[in-house]
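One structure is given here, and the rest of the page talks about it.
The values are calculated or read from the model by the stated rules, or taken from the named source; none is laboratory data. Quick caveat, the model's predicted, so the values are computed rather than measured. Because the Cβ atoms are built from the backbone with ideal geometry, glycine has one as well, and the counts that use them run over all protein chains shown. Calculation scope for accessible area: heavy atoms of the full protein, side chains included, ligands and nucleic acids excluded. Shrake-Rupley method; radii C 1.70, N 1.55, O 1.52, S 1.80 Å.
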Amino acid sequence: MVVSLEYKKVEDTIKKILFSKKQDNPLQMVVDILYDGFEKYSWVGIYLVEGNNLHLGPWRGTQATEHVWIPIGTGVCGTAAKTGKTELVDDVSADPRYLACFRTTRSEIVVPIKKGSSVVGEIDIDSDVPAAFDTKDAEFLEKIADMLSQHI
Ligand code: SME
């Protein structure tokens, strides 16, 4: 597997900060690093599972989303929470599950955060670039989700 330097650098930065210092708000810190680290990540948020719903936690972007609560099983986010599998959407306008948040969004990736086999949250990233995400983003974000699960 070829790991791009940029992903590795961001992964190492997150690892160092998450595991070497006591963080008051580790989830916000990770959101900030992801948002600042990649231009194509236009909106970055973490949803947490609360009962049968996802509840929006820390986020960064130019606008707030109206989708602060999402029922598990609904939308791209709710699907990933239900199946425990990463969702990659190249063209949001072609995905009937998609819950629209921002006029400019073209593609989306949702990566579940798991403790064992239970989904406890997820990383949701929207991009204004069509088909912005590929397996490199998925593998990278799955590692970040793994680290985050120890902080939820
Ligand atoms: N688009 C998501 C909803 C969350 S916003 O992208 C922030 C979905 O379809 O579930």
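The modelled label-to-label distance for the pair Phe102/Trp69, using points 7 Å beyond Cα in the direction of Cβ, is 2.5 nm.
Rolling a 1.4 Å probe over the heavy atoms of the protein chains gives the chain an accessible area of 51 Å² per residue. Applying a threshold of 18 Å to the alpha-carbon distances of Lys82/Lys143; Lys8/Lys115; Lys21/Lys136; Lys8/Lys82; Lys9/Lys115; Lys8/Lys136 flags Lys82/Lys143; Lys8/Lys115; Lys21/Lys136; Lys8/Lys82; Lys9/Lys115 as lying beyond it.
Distant-in-sequence amide contacts of Gly121, defined by a placed amide H-H separation under 5 Å and a gap of 5 or more residues or a different chain, comprise Val49, Ile113. Per atom type, the chain shows carbon and sulfur on 51% of its accessible surface, probed at 1.4 Å.
Farthest toward the dipole's positive end in the chain, which of Phe140, Gln23, Val68, given Cβ charges of +1 (Lys, Arg) and -1 (Asp, Glu) about the Cα centre? My answer, from the dipole projection, is Gln23. For the chain, the calculated P(r), taken from all Cα-Cα distances in 10 Å bins from zero up to the bin holding the longest distance, is 12, 45, 36, 7, 0 percent. Helix content alone sets the calculated 222 nm mean residue ellipticity of the chain: runs of n ≥ 4 DSSP H residues at -39500 (n - 2.57) each, divided across all residues, give -11000 deg cm²/dmol. Model label sites at Asp90 and Lys21, defined 7 Å from Cα along the beta-carbon direction, differ in position by 4.1 nm.
The length gained by stretching the chain between Thr135 and Asp12 to full extension, at 0.36 nm per residue less their Cα-Cα distance, is 42.4 nm.
Using a cutoff of 8 angstrom between alpha carbon atoms and counting only pairs six or more residues apart, the relative contact order for the chain works out to 22 percent. If the chain linking Ser4 and Leu48 were pulled fully straight, counting 0.36 nm for each residue of separation and taking away their Cα-Cα distance, it would gain 12.9 nm. What separates the Cα centres of the stretch 1-31 and the stretch 107-132 is a distance of 16 Å.
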